[in-house]
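*Asks:* Please find one structure pasted underneath; my questions will follow.
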Amino acid sequence: MPHLVIEKLSADYGATPVLIDVDLAVERGEIVAIIGPSGSGKSTLLRVLTGLLKPRAGHVHVAGTEVNYASAEALRKVRDRFAIVFQQFNLFQNMTALRNVTIAPTIVKKRNAAEVEREARELLTKVGLAHRIDAYPDEMSGGQQQRVAIARALALKPDILLLDEVTSALDPELVAEVLDTIRLLAQDGMTMLIVSHEMAFVREVASKVVFMADGRVVEVGPPAQIFDAPETTRCADFVRRILRH
Amino acid sequence: MAALLEEAPRFFGYYNMLFLGQAFAFTALLSLVGCGGGFVFGFGLAVLRSERIVRFAPLRWVATVYVELFRRIPFLVKLMVIFFAFQLAGFDVSGFVVAATTVALSASAFSAENVRAGLEAVHKNQWDAAEAMNMGGLTALRRVILPQAWRIIIPPSMTYSVGLVKSTSIVSQIGVFELTYAAKILNQKGFSAGICFGTILLLYFALCYPLNLMAARLESKLAPSRH
């Protein structure tokens, strides 16, 4: 059984359905990319997985166990397995880069502070920010902030890393440094679910691409299929429009 | 002016000073207990109203109704209601308790709004990030939200507290011995209104001005600006 299995997952914002019968499976070590026009439900899917939005119907299985999103206890357990990186970084503005990375492992997971700090320094070094450890978010560029956010997510030692349009809020010249960081994680075999508009990057790192539109999964396949020979006209239209420029 | 100077030695005699000193202490204590207690209670109300912390909606509604109601009742009316409520309930309490309760209940409703405004001014993505990493609502509040919110909470809260110190003069209406009441008594004893109320004017200023200084200090301590 795949590590993450999503079956017939549906969610609403108020009365508006935003996810409709979404099916998706992610194997351990796999990198799955979700693409699609804005408003298609890509980011919403990640919010539902982390319990930030309650699903209306459907099932999510992580490591063979179904997640009951109505139970606070089950939600805590599933959040231990996921870590999410947001489009707007969402770094804690009142904390340094280092504290952003260490806070959850020390405060939430109650791990040894010295050990956590050593790991945090390693992670920040890995994402190329050894020299920015004591900087506050508003003293860093968007690319640096996003790399801190990635380090913060990794410090939670997640089974699956969820990346929600992590380069969309960045200036163009800062996108590469963040994508390079994600490539590093891909080499480490990190399981990732990536929502992205960086098509070239998706084609390069993803083992599977999911095309979503209007809250539904329209087509799933390897990058070669989705980008070169899409089976649905909806996907073909999208890919043609986005690859034209 | 000459008349003022002439009665000054008599007015600033030992017993009058003791009298005014007690009244000053009463007003100061009333302000401190009322504003302090009110802020703590109001803080609790603001937390109760936060969807990110309290998932049980009826609890949020109760807090909202309380805040909206108490913000809209004049201080004097609140004072009378509380005064008679204690009497009806059969509690024989001192004027200080009635006054302090009124000040605290007023302060709580307004403090709750100041705190709520501060909490809501912090971007919701901060809550999202905290929640996604399994931080509980109260932990997120303490570690992430409040450190960013104090800067917004403190200035209006202090302005309000100063306003409330001034409002405490209204409790003289129920015969509580505070600063304004003391001035009235001295006035009735034959001292001129000018010297009686002129003196408490300075005393009110002496009470409120340090509050403003304290606000500035509190702000720089709780919400240090790094720039």
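*Asks:* Summing -39500 (n - 2.57) over the DSSP H runs of n ≥ 4 in chain B and dividing by its residue number, what mean residue ellipticity at 222 nm do you reach, to the nearest 500 deg cm²/dmol?
*Replies:* -26000 deg cm²/dmol
*Asks:* Taking 0.36 nm per residue of separation and subtracting the Cα-Cα distance, what length does fully extending A:Glu7 through A:Leu243 add?
*Replies:* Taking A:Glu7 through A:Leu243 to full extension adds about 81.9 nm, to one decimal.
*Asks:* Pick from B:Ser157, B:Ser172, B:Ser111: which is most flexible by mean-square fluctuation in a GNM of chain B where alpha carbon atoms under 10 Å apart are linked?
*Replies:* With Cα springs under 10 Å in chain B, the top fluctuation among B:Ser157, B:Ser172, B:Ser111 is at B:Ser172.
*Asks:* R0 = 51 Å: FRET efficiency of A:Ala176 with A:Ser71, Cβ-based, nearest 0.05?
*Replies:* After rounding, the FRET efficiency stands at 0.75.
*Asks:* Okay, next question. At R0 = 35 Å, how high is the FRET efficiency between B:Lys166 and B:Asn125 if r is their beta carbon distance? Nearest 0.05 is fine.
*Replies:* After rounding, the FRET efficiency stands at 0.30.
*Asks:* Diagonalise the Cα gyration tensor of the range B:93-179 and give the resulting equivalent ellipsoid semi-axes, square root of 5 times each eigenvalue, largest first, whole Å.
*Replies:* The three semi-axes for the range B:93-179 are 37, 13, 8 Å.
*Asks:* Once phi is turned into ³J(HN,Hα) by the Karplus curve 6.51 cos²θ - 1.76 cosθ + 1.60 with θ = phi - 60°, what whole-Hz value does each residue of the range A:203-219 show in order, with x for glycine and proline?
*Replies:* 4, 6, 9, 7, 8, 8, 10, 10, 9, 10, 8, 6, x, 10, 7, 9, 8
*Asks:* Just to verify a number: FRET efficiency for A:Ala169 and A:Glu204, C-beta to C-beta distance, R0 = 22 Å, to 0.05?
*Replies:* For A:Ala169 and A:Glu204, the calculated efficiency is 0.55.
*Asks:* Specify whether the C-alpha gyration tensor of the range B:166-217 places it in the rounded, prolate or oblate class, a ≥ b ≥ c being the square roots of the eigenvalues: rounded for a/c under 1.5, otherwise prolate if a/b is larger than b/c and oblate if not.
*Replies:* Taking the square roots of the gyration eigenvalues as a ≥ b ≥ c, the range B:166-217 is oblate.
*Asks:* Length gain on complete extension for the stretch A:Ser38 to A:His131, per 0.36 nm per residue less the alpha carbon to alpha carbon distance?
*Replies:* Details: separation 93, 0.36 × 93 = 33.48 nm, distance 3.59 nm.
Going from the current span to full extension adds 29.9 nm.
*Asks:* Give the distance, in whole Å, between the Cα centre of the range B:95-114 and the Cα centre of the range B:9-51.
*Replies:* Distance between centres, Cα-based: 11 Å.
*Asks:* May I ask you to list the residues of the range B:82-120 whose amide nitrogen lies under 18 Å from a point 7 Å from Cα along the Cα→beta-carbon direction of B:Val65?
*Replies:* Under cut-off, by backbone N: B:109.
*Asks:* Take the alpha carbon gyration tensor of chain A, find the square roots of its eigenvalues, order them as a ≥ b ≥ c, and report rounded if a/c is under 1.5; if not, report prolate when a/b exceeds b/c, else oblate. It would help to have the intermediate numbers written out before the result.
*Replies:* Values: a/c = 1.87, a/b = 1.31, b/c = 1.43.
Note, shape of chain A comes out oblate.
*Asks:* Can you tell me the Rg and the Dmax, both Å, for the Cα atoms in the range B:9-154?
*Replies:* Cα only, the range B:9-154: 19.8, 70 Å (Rg, Dmax).
*Asks:* What trypsin sites (Lys or Arg not before Pro) does the range B:1-102 have in DSSP loop regions with at most 10 other beta carbons within 10 Å?
*Replies:* Loop-located and lightly packed - B:Arg55, B:Arg72.
*Asks:* Could I ask something else about it? Nearest 10 degrees is fine. How inclined is helix B:193-222 to the longest principal axis of chain B, computing both from alpha carbons?
*Replies:* Result, in degrees: 20.
*Asks:* Would you mind computing, in nm to one decimal, how far apart the modelled labels at A:His197 and A:Arg28 are, each placed 7 Å from Cα along Cα→Cβ?
*Replies:* About 3.6 nm separates the two model spin labels.
*Asks:* Could you give the radius of gyration (one decimal) and Dmax (whole number) of the Cα atoms in the protein assembly as shown, in Å?
*Replies:* 30.5, 104
*Asks:* Just to confirm the number: angle between the C-alpha axis of helix B:75-88 and the first principal axis of chain B, 0 to 90 degrees, nearest 10?
*Replies:* Roughly 90 degrees, rounded to the nearest 10.
*Asks:* Go ahead and estimate [θ] at 222 nm for chain A from helices alone: -39,500 (n - 2.57) per DSSP H run with n ≥ 4, summed, over the residue count, rounded to 500. Walk me through the numbers before you get to the answer.
*Replies:* On the way: 9 runs with 92 residues, N = 245.
Computed mean residue ellipticity for chain A: -11000 deg cm²/dmol.
Laboratory data are not the source of any read-out in this text; all were calculated from the coordinates shown. This is a predicted model, so every value here is computed, not measured. Neighbour counts run over all protein chains shown; Cβ positions are idealised from the backbone, glycine included.
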